[in-house]
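Some notes on the structure that comes next.
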């Protein structure tokens, strides 16, 4: 048997683990999406613009605001520091897939300061597990090695890890394995700590699937910033791509490496920051009963929304009949991803099964419709067929209609703060998103034996210093009456968006306080590194 410890694979593993550990230790403060330095700079800029707008005539407002803000800022800094604490390598808890020679990973981990007591190894195959146990016994190494399914382990145990190394060794969609199910359980059951790293390693696509049909639903409704450069050669808008699905699918197949690589880098962060949190929120029975419709009415409305039959004799009638999400596809990217999957893939396809994942009678597909529509709450009165009010309970309609950021109609900030920010704060409060830092991403590619492998290091921040700063929805009105609370929220949203933008541009859209410039820049997303280039 050829040794598992191939040179280039071992080199890749060492780079991935080293980056993961340093991101959580020596570079830990830089890995949080919000820093006290940026927060101070951006809120100072916001306040200076506010005071310039108010002028010297309203001294009472200025004094009261200053008193509220500086007291609130100091209190929030204490809250932030209670969450964003340093860690050493010896405190990090790590899980990885064992394989027949688990010592390879253990050696690297321990050399980087990880303690044996904090290492878990998982192996599902009985024969390989026995080889691994023998290898550990011979080396007199005692760690926690568990025989069983990784998916089941994440679903049914209560362990939380700083680093999970998911070396799938298969494509992200595989009939033999269920990588999507494993990823789902990691985020759904919150198996990663508040600041954590997920390392993934997937094989190149196999010919058992038509990968153009798999990837086209993801890329068709996306904005240009999340598309591979080659997409420019297709030369069509998001709406045109959706309408010419077959042609777009074939184009993707011709450039599969570019699209597959980009999909791995962007889909997993979107799954962690939006797809699973939206599902978490929508599946809560209390959220449905308090803020949406009752279960039966909600399911009836969703069925209507997803099965629209167009009846129009003129272009004007068509505009009135066609759902807004089918016209403005790029502002409903996740909804249209689910829609295009449903329209173009067979009922037994793994992606169909994924979006049909059911929790308390709420599927991922339904939750993407619900939350995508809620994020576009302000489109409800535009005259287009939006369905937004169809899914909202009266209480939520009233709350979202009344609430606004106090500077909404002041020409202060780069972006006008829209109500999608409020909806996303609600999703974050209940859905516990993991938001990846684009600047901390590490993407590698290498050829092991005859197969190209795609590795990514995602550094995730749960941002509880923002989401837990908020009370629950029924208290938002009184909370937002304190303008300083709003400024603190805006300061956090601004930097989260800057550091996440190039992974998922739909998160906290319209959230910038200041434009992107040299002083207030965005984190760049590093390109994937081909390790084989260094062998030449």
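Every number here is computed from the coordinates shown, using simple stated rules; none is lab data. Note that the structure is a prediction, hence the values are computed from the model and not measured. Please note: Cβ atoms are built from the backbone with ideal geometry, for glycine as well, and neighbour counts cover all protein chains shown.
Computed quantities for the displayed model
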item	result
Over the chain: helical MRE at 222 nm, DSSP H runs n ≥ 4 each giving -39500 (n - 2.57), nearest 500	-14500 deg cm²/dmol
Listed values (i) 1.16; (ii) 1.01; (iii) 1.56, entry calculated as Cα Rg over 2.2 N^0.38 Å	(ii)
Alpha-carbon centroid distance for the pair the stretch 155-199 / the stretch 9-73, whole angstrom	30
Peptides ranked, highest mean first, by Cβ atoms within 10 Å: ranges 137-144, 527-534, 479-486, 17-24	17-24, 479-486, 527-534, 137-144
C-alpha long axis of helix 7-24 to longest principal axis of the chain, angle in °	40
Whole-number percent relative contact order across the chain, with pairs defined as alpha carbons under 8 Å at least 6 apart	19
Simple label model, 7 Å out from Cα along Cβ direction - residue 68 to residue 294, nm	3.9
0 to 90° range, to nearest 10: angle between helix 256-270 axis and the chain longest Cα axis	60
Zone residues, the stretch 393-418, relative to residue 61, backbone N less than 19 Å from point 7 Å out along Cα-to-Cβ	403-414, 416-417
Cα-Cα separations in the stretch 432-536 greater than 24 Å, expressed as whole percent	42
Segment residue 530-residue 176, extension gain: residue separation times 0.36 nm, minus the distance between their alpha carbons	124.7 nm
Relative contact order (%) - the stretch 207-402, alpha-carbon pairs under 8 angstrom, separation at least six	27
Chain lengthening between residue 518 and residue 258 when straightened (0.36 nm per residue, less Cα-Cα)	90.6 nm
Whole-Å distance, taken between Cα centres, linking the stretch 135-153 and the stretch 382-409	52
Gap separating the Cα centres of the stretch 421-476 and the stretch 114-130, nearest whole Å	27
Computed lengthening from residue 414 to residue 447, 0.36 nm per intervening residue step minus Cα-Cα distance	7.4 nm
Tensor-based shape of the stretch 271-422 (alpha-carbon gyration tensor, a/c under 1.5 rounded, otherwise prolate or oblate)	oblate
Folded to 0 to 90 degrees: helix 245-254 orientation relative to the chain principal axis, Cα	40
